[in-house]
Every structure is written in C-alpha cells, then in structure tokens.
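The values are calculated or read from the model by the stated rules, or taken from the named source; none is laboratory data. Being a predicted model, the structure only gives us computed values, none of them experimental. No Cβ is skipped: glycine too gets one built from the backbone with ideal geometry, and neighbour counts run over all protein chains shown.
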Amino acid sequence: MTDFFEGIAPVRFDPNATDDLSFRHYDADEMVMGKRLEDHLRFAVAWWHSFAWPGGDPFGGQTFERPWFADVAGDTMEAAKMKADAAFEMFAILGQPYFCFHDADIRPEGADFAENTSRLDEITDLIGMRMEAGGPKLLWGTANLFSHRRYMAGAATNPDPDVFAFAAATVKTCIDATQKLGGENYVLWGGREGYETLLNTDLTREREQAGRFLSMVVEYARKIGFDGTILIEPKPQEPTKHQYDYDVATVYGFLREYGLEGEVKVNIEQGHAILAGHSFEHELALAASLGILGSIDMNRNDYQSGWDTDQFPDNVPEVARAYYEVLRAGGFTTGGTNFDAKLRRQSLDPVDLIAAHVGAMDVCARGLKAAAALLASGELEAARDARYAGWDGSDLLSSDLGAIAARVEAEGINPAPRSGRQERLENVWNRYV
Ligand code: XLS
Ligand code: NI
Ligand code: NI
C-alpha cells in the first residue's frame, strides 16, 4: 500500500455530477447495441505514461515527483514494487478493465539479460497476485526495444547481430510474461526500427531482418500456445527520422511480403495516424477493410506542434469518427482502447492523473454512444449502399476490356454523374454527434 492517491475515492457514474472526478457519460453497465459499454470500449491504462514518465521534454527534465522514482527510491526492485502498488491503487479508483505495460516500465534494468529476466519474473508474480485480488486484466504486454542505448540503431533492424539476438531474447521473455498474466494481445512497436540517414543504411537487409524477427515472434507465440493477438503498431517517424512500420498500408504490404497477414493485426494510435498525414478514422477504416484491425491507442496530438504529444483525448466528434469505424467493423474482439496518453508536464498532482483518465473515458463513451446511435439508425450505411447499388448483380468485374467495349457500344452506355451528397451526409453526422 502507498498513500499516493490518498483521499481520492473510487470514481462513480453520476450523470448530474459537476466535478471532474465522476463519470457523467461512462456507465460501464449501460447497454449499447446489445453490449455493455465497458465491453465495447475495453479501456486500458498505460503503465509507462502514468507511472514511469518523469514529465520531461526536449528542453527540460523531470518535473514529476513520485515516491518510486529513482531520484527518491533508487532504481531498485523495491521502487518497482511501490510503483506497482500505486498502479493498482489507481486502477481501483478508476475501475477500468485493463492495463498495458512494457518490461522496462515494471522492472528496473538489470546488469544483463539474465537479471532482466529474473526481475521481470519477480515483478510479474506480484502483478499477477494483484490481478487475482480483483485488479484489471492485461490488454497487452510489450518489450521496450527503444530506450536503452544498445537499441540506438534499432533492435531487429540493427546492423549488429548481437543486438538482434538481445532483442529477440527479450521479446521471448515478454511474450512469456504476457502469457503468464493472461494478456489478450502482444504488441510490437518498432520505435527505432527505421533510420536516421540513408547514407549508412541498407534498407534491403534491415527489412529482411525485421521480417524474420516478426516471423520468429509468431512462431514462438504459437509454439507456447499464446492465443492472444499479435499486433504491430504503425508510426511514420519519431524517434527515428523514418520508421519502417509507417502506416497501416505499409504494415499490410510488409505482412504480405512475409506471409503474416493472417497472423498479425495492427494497434492503431491516433497521434501516429496524424503524424503519417492521415486521420485516425482513415487508418481504422483501412485496417478494417484489410481484415487487420486489432486494437487502438487512444490519445491526441497537438495539431500545431508536429510531435507525437500523446495528450488525453478531449474531442468528442473526433473520437466518434474513430469508434464509428470500430463499430462498423464489428467492434473489438481481443483489442481495446489503451490510453497511450500522458499528462502535460505541469500537471504535477496525483489527482491530475485520475482526472485525465476520467475525462478521457467520458469523451470516449460519448463518442462511442454517438457513433452507435448513428450506425444503428442505418442512415449513413443506407446512403453508402445506395451509392454503390448499381453494382448489385453486375458481372462487370469478371469481364474483360474487349467484351466491355462491345457492351458499352451495343447498349449505348453513357453514364450520368450523380451527387456524392457529402454535405448532406455531414448534416446527418452532426445530428448524432
Ligand atoms: C510510442 C508508442 C508506444 C507504443 C508501445 O509512440 O505509442 O507507446 O504504444 O511501445
Ligand atoms: Ni505513440
Ligand atoms: Ni502507442
């Protein structure tokens, strides 16, 4: 037990509340399209931003003071355990059903691989006990293959095979830990799988290394009977100048090249979609259409800064667009809504952490409910169907150019343009959101 969140009561649903520590829209048990809201949204708290991030930016270091941080408690297992206690105390206040972690978030870095592994085992035993005592479940685990200096030139795509080996061994231990805790997904975000300069980079080799690495991950997960979903999280750049898993389309091409399109799905992050020059809903719609929509990292970027600012979502219409695509694709299966979001560095107080999640959960609940109402009304879908109705029963796609030309001439086909009705559909959208 810690006293970090002392005095903060469990968050309750109260539609009339005026404080910022109550849910006014997120009622976990509310039925939406035949399913509890909690089971639609499947919220997860991210260990790294909430408990490990010190509040730094490129111009200044730590602003947060946490009793488990190294400057107070040392980079020790005792500190890691205190951090885990505080995490489960926050989970009890929020009542969200899931959490996510990287190995490096939950244990201090050891002297070598063996010590990293034994520390991971010890801390995941403790986390497992806390989960059994009524804590949330694990949405996904992952390996941090980007912070330590050994990974400065990449992990799977490193020019040094020893780094590839260290990364592969580490991922093995993280899949083991995820399976041990009943994790429903395993995520790979290749933060440094990219390059700083083409002047020293062999793209062909690096792509082959990444392809073999991912194949090994899939082979190992299946071998040990891990039945969760393996997810790649696309991002176009940052920290590297160029990241290979640029966006959903690029990841899909990569999966096809290595025959993994039936094995691996994507974890799509709002901020990464924007960095790639897309919208969140574009990435979601494309992934759904390709059959690889897995999970989402919910956050938002500042539209002026051009960075992955990882802010908590605060924009209901924006979030509604995303959930419309998720619902249209049939909703999450093993995936969920992970708040890959961090406080602003001036938000120093423990209560800021709670309020950030409460507000974000409410924004997502409003967005999902609006999207569900619109989807249930069928208004957009009817318009979409009507737009393509001419294709019903058409055999055009199994024809050929010669036959088509003969037919166009014989039947005097002379198409008349029709309105795309965009503004009218935007009006429909705005009646629901
Ligand atoms: C960073 C990523 C990271 C992944 C997990 O930009 O979003 O937080 O979600 O490694
Ligand atoms: Ni991110
Ligand atoms: Ni992320």
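A few notes on this one:
- Residue in region 315-336 that is surrounded by fewer than 24 Cβ atoms within 10 Å (Cβ to Cβ), more than 25 Å from residue 384 (Cβ to Cβ), modelled with pLDDT of 95 or more and within 16 Å of ligand 2 (Cβ to nearest atom) present: no
- Residue match in region 161-170 (condition: more than 16 Å from ligand 1 (Cβ to nearest atom), without any contact (Cβ under 8 Å) to a residue 12 or more places away in the chain and not hydrophobic (A, V, I, L, M, F, W, C)): yes
- Condition broken by residue 242, with the remaining ones in (1) buried (at least 21 other Cβ atoms within 10 Å of the Cβ); (2) touching a Gly at 6+ places or on another chain (Cβ under 6 Å) satisfied: (1)
- Conditions (1) in contact (Cβ under 8 Å) with a residue 24 or more places away in the chain; (2) more than 14 Å from ligand 2 (Cβ to nearest atom); number of the one not met by residue 289: (1)
- Residues of region 242-260 that turn out to be within 16 Å of ligand 3 (Cβ to nearest atom) and either among the small types (Gly, Ala, Ser) or assigned to a helix (DSSP H, G or I) (or both), as a count: 2
- Enumerated helices (runs of 4 or more DSSP H) restricted to region 339-433, each holding at least 1 residues that are buried (at least 16 other Cβ atoms within 10 Å of the Cβ) and over 24 Å from the mean Cα position of the chain (by Cα): 350-377, 379-388, 422-432
- Residue satisfying all of: in region 261-291; among the hydrophobic types (A, V, I, L, M, F, W, C) and in a strand (DSSP E or B); farthest from ligand 1 (Cβ to nearest atom) among these: 264
- For the residues 330, 294, the requirement of being touching a helix residue (DSSP H, G or I) at 6+ places or on another chain (Cβ under 9 Å), of a type outside the set (D, E, K, R) and part of a loop (DSSP other than H, G, I, E, B) singles out 330.
- For the residues 308, 302, the requirement of being surrounded by fewer than 18 Cβ atoms within 10 Å (Cβ to Cβ), modelled with pLDDT under 95 and either within 16 Å of ligand 2 (Cβ to nearest atom) or within 22 Å of residue 210 (Cα to Cα) (or both) singles out 302.
- Reported count of residues in region 164-175, each being surrounded by 18 or more Cβ atoms within 10 Å (Cβ to Cβ) and either of a type in the set (Gly, Ala, Ser) or out of contact with any helix residue (DSSP H, G or I) (no Cβ under 8 Å at 6 or more places or on another chain) (or both), is 2.
- Residues of region 97-132 satisfying the condition of being of a type in the set (A, V, I, L, M) and over 20 Å from residue 168 (Cα atoms): 123, 126, 127, 129, 131
- Candidate set: region 69-96, residues that are in a loop (DSSP other than H, G, I, E, B) and without any contact (Cβ under 8 Å) to a residue 24 or more places away in the chain; chosen: the one nearest to the chain's Cα centre (by Cα): 69
Residue-by-condition table, conditions (1) within 16 Å of ligand 2 (Cβ to nearest atom); (2) out of contact with any Phe, Trp or Tyr (no Cβ under 9 Å at 6 or more places or on another chain):
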position: 2; (1), (2): no, no
position: 9; (1), (2): no, yes
position: 15; (1), (2): no, no
position: 23; (1), (2): no, no
position: 30; (1), (2): no, no
position: 57; (1), (2): yes, yes
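- Identity of the residue in region 17-50, free of Cβ contacts under 8 Å to residues at least 12 places away in the same chain and among the aliphatic types (A, V, I, L, M), that ends up nearest to residue 140 (Cα to Cα): 31
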